[in-house]
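So the structure is just underneath, and the comments pick up after that.
All of the numbers you see were taken from the coordinates with simple rules; none came from a lab. Predicted, not measured: the structure shown is a model, and the values here were computed from it. Cβ: placed from backbone, ideal geometry, glycine included. Neighbour counts: every protein chain shown.
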There are 2 protein chains.
Amino acid sequence: MIKNRYSWLDTPRLICGVMTGTSLDGIDCALVKFYKNNDSVIQFEIIDWELTEFNVTTKNTVKQIIQEPVPISLISDINVLLSHLYADSINCLLKKVQMPLSKLDAIGIHGQTVWHNPNGKDLFGHKIASTYQIGSISTLAAILNVPVIGDFRSNDIAVGGQGAPLVPIFDYSFLASNEYDTIALNIGGIANLTYIPRQCKKNDVISFDTGVGNIFIDLAANDLFDKPYDENGLFAIEGKLIYDLFDKLKKINFIYYKPPKSTGRELFNKELYNDLLKDIKDIYPPNDIIHTFTYYTAWSIAYNIRKFCNPTSRIIVSGGGALNSFLISLLKKNLPEALIIKSDDLGIPSKAKEAICFAYLACLRILEIPANITSVTGASRECILGVLALP
Amino acid sequence: MIKNRYSWLDTPRLICGVMTGTSLDGIDCALVKFYKNNDSVIQFEIIDWELTEFNVTTKNTVKQIIQEPVPISLISDINVLLSHLYADSINCLLKKVQMPLSKLDAIGIHGQTVWHNPNGKDLFGHKIASTYQIGSISTLAAILNVPVIGDFRSNDIAVGGQGAPLVPIFDYSFLASNEYDTIALNIGGIANLTYIPRQCKKNDVISFDTGVGNIFIDLAANDLFDKPYDENGLFAIEGKLIYDLFDKLKKINFIYYKPPKSTGRELFNKELYNDLLKDIKDIYPPNDIIHTFTYYTAWSIAYNIRKFCNPTSRIIVSGGGALNSFLISLLKKNLPEALIIKSDDLGIPSKAKEAICFAYLACLRILEIPANITSVTGASRECILGVLALP
């Protein structure tokens, strides 16, 4: 466990973590209290959390920045606008818990990723790998009068890492166990996991994407049932397995790759979905289709756990997929020896986990404790992640 | 004078200041030692400095980012590339003075300004004022393994300031005098000054642009003599005043505005130059033309000093214009009561002053001392400027 090197945590500290993910659904804010226990080990307590949706104009403008050439003035202005929106969300959350802004000790922001290319390319004779999150750190610190930390990924990339994932340090610090091998499984659009063998050292931790998470299920819910997602898996549970489709899905090679590995919407996307359903969509009932996608998702996660981790682990599930109880039941069938629980059962709301993690990363920056796990990101050395703006 | 609040300066510290100005001429690096004297007042000693020119490709790519819509990937990559170039320049300077990188305590980077609009505009219902400097702070800290501070302007703007000028805190800290009213005059493309009345408080300091600096002289040197600038004023000294042209120049209203005021290439540019020379260029000898521009520059600076400051001040001149001895002699004629010296005479190389200033701003950030002068920037409060990345 991580020992506190400095005295900042001698008093409990309140830190707000702010996450804005690539799905552009909005701003996740989590208010977290950090303190040291009697053994000087950092502990946390979640005060509350909240998701504020982006309005359509903001969402579209960020999309525009990601997808097409734009004038630098727009990037500069949206960089500052996002900080105003973060400030609004933070104020909203504080109001909800009736806490004055003056009690807030720090804020950790992920920022909005608009570019991420950790593998790099040659540019004017230099090998350049870069990641870019917008949301002005200095601006937020100035308008709220609170220290703000952000830009957590750049220095890991600068020393040869992928700049991701950053959540494993949180999993290692707070979910590791001496009794169980532990897997922190996050089922978002993509599914990824952190594997923490019992009593392991920090650099024995591994973390990788297992493959698809909710992407196919959400696409099918949208396409076949006109819903954004399959609530509790109620559409899928009514169907049965389509062997043809499952066989096609099993041909996606990513699942069998050895970690470290990562994937994204460049592979698991609408094109692949349409391609898979060619000659199938008109023959089988919608419930069978979404059933098969759900079945495949659980199977592919289980395959990776069985092959690259330990199928008797304690598995702590977070992300939107944790709320799909049919998916979780299939996972349990595929991994009967595992102890599968939701992160909510440990007091960590599935959907707030990343925001909580960025509050923790902010805490580590202030304590000047490195937060990248080199066995996970591939960086050549540990770094103190994040830049710190003072008011 | 500024007192050190923390113990960081109990040992002398070496800080590298890195300036990349809007003229895109290259990277100015200054290596500066900061220490406290017996009264705990911060002092500095310049070890050495160096200018590395940008190569044409880098220069053109930065220009492209400023002038036209570009994909975010380019901005992200140039952001990192600049840090590699800064690292090369710093390494070069350290090698020159035979100092190992491990001796360097911190780096302060201005970054390359690609957008600056402190007055703001309405964006999706928020009043957004923004400034944008590229050059990744985290990346530089990681590749050199040294703490790096940058993004000095954003929080001043976030609290209603212009985010500029930032040099006055340096002038106030190191050039103020109990005996003289002091003017720190910088003659770059534009001429600006910091006026520090004797024994004044920090918020009595004023700072403003007086008008054109070297822009017209450089344009004439280029246009009429095919030189980048008029070395020592040798072309101008051979000419005589063209009253017609001087009368036209005196009609530029900016000179008469009351401070605070700032200007730039949006007013003093090639279009205005061409416009001024219509019906003149073919009639008068080139030396008379460049003479008149030099005369006007000195006159307009002197006018502002006489009108808004004190013509009996000690004037410390820096910037490229300090090296034009004919310009300085005209300034002396216009302000016979003043004591005019070059910053070089005080041990501050004219061309390195801004880089030295950013080393000082980095020092202030580490000591957590506010560096914006609210009477100068117009900010509603003092801020601790700059974000800090640790290796």
Note down the magnitude of the dipole of segment A:168-346 about its Cα centre, charges +1 on Lys and Arg C-beta and -1 on Asp and Glu C-beta and zero elsewhere, to the nearest 20 debye. 660
Per residue, how big is the convex hull around the C-alpha atoms of segment A:34-82? Give it to me in cubic angstrom, could you? 131
Residue by residue through segment B:222-237, which ³J(HN,Hα) values in whole Hz follow from phi under the Karplus form 6.51 cos²θ - 1.76 cosθ + 1.60 (θ = phi - 60°), with glycine and proline marked x? 5, 6, 9, 10, 6, 10, x, 7, 8, 4, 6, x, 5, 6, 5, 5
One checks the Cα atoms of segment A:96-148 and finds Rg and Dmax, in Å, of 16.8, 54
Mind giving me the nanometre distance, one decimal, between the label points for B:Thr11 and A:Leu24, set 7 Å out from Cα along Cα→Cβ? 5.0
Quick one: which of A:52-58, A:196-202, B:192-198 comes out on top by average Cβ neighbours within 10 Å, and what's the full order, highest first? B:192-198, A:196-202, A:52-58
For peptide B:65-71, compute the average count of partner chain beta-carbon atoms within 10 Å of each residue's beta-carbon. 4
Pairs from B:Lys240/B:Lys281; B:Lys248/B:Lys270; A:Lys59/A:Lys103; B:Lys261/B:Lys307 whose Cα-Cα separation, in the structure shown, is over 19 Å: A:Lys59/A:Lys103
Relative intensity, log₁₀ I(q)/I(0), of the protein assembly as shown from a Debye sum that treats every alpha carbon as a point, q = 0.06, 0.09 Å⁻¹: -0.44, -0.87
Please average, across the residues of A:78-88, the number of beta carbons from any other chain that are within 10 Å of each residue's own beta carbon, and give a whole number. 4
So what does log10 I(q)/I(0) come out to for segment B:168-346 at q = 0.08, 0.09, 0.11, 0.16 Å⁻¹, using the Debye formula with one equal point on every Cα and no solvent? -0.24, -0.30, -0.44, -0.90
Calculated from backbone phi, Karplus (6.51, -1.76, 1.60) coupling profile of segment A:335-341 in Hz, x at Gly/Pro: 10, x, 7, 7, 9, 9, 10
Between B:Cys200 and B:Lys251, what length comes free when the chain is fully extended (0.36 nm per residue of separation minus the Cα-Cα distance, one decimal in nm)? 15.0 nm
Between segment A:84-123 and segment B:298-356, how many Å separate their Cα centres? 46
Against the empirical 2.2 N^0.38 Å scaling, what ratio does the C-alpha Rg of segment B:1-91 come to? 1.44
Rg and Dmax of segment B:154-236, using alpha carbons, in Å: what are they? 16.5, 47
Alpha-carbon spread of segment B:252-391, three principal axes, descending order, Å: 61, 33, 32
Just counting partner chain Cβ atoms within 10 Å, what average do the residues of peptide A:157-169 show around their Cβ? 2
For chain A, percent of DSSP beta bridges that are antiparallel (nearest 5) comes out at 70
Residue-wise HN-Hα coupling along segment B:23-31, computed from phi with Karplus coefficients 6.51, -1.76, 1.60 (Hz; x: Gly, Pro): 6, 6, 6, x, 10, 8, 10, 10, 9
I need the GluC sites (Glu not before Pro) found in segment A:243-337, filtered to DSSP loop residues with at most 11 other beta carbons within 10 Å of theirs. A:Glu266, A:Glu337
Kirkwood Rh over alpha-carbon pairs of chain B plugged into Stokes-Einstein at 20 °C, 1.002 mPa s gives a D in µm²/s of 98
P(r) tail fraction, segment B:168-215 - alpha-carbon pairs more than 16 Å apart, %: 35
Nearest-ten-degree value, helix A:325-334 long axis tilted from longest Cα axis of chain A: 70
Measuring from label point to label point, each 7 Å out along Cα→Cβ, what is the A:Cys92 to A:Asp39 span in nm? 4.0
Which order do the peptides B:227-236, B:62-71, A:350-359 take when ranked by the mean count of other beta-carbon atoms within 10 Å per residue, highest first? A:350-359, B:227-236, B:62-71
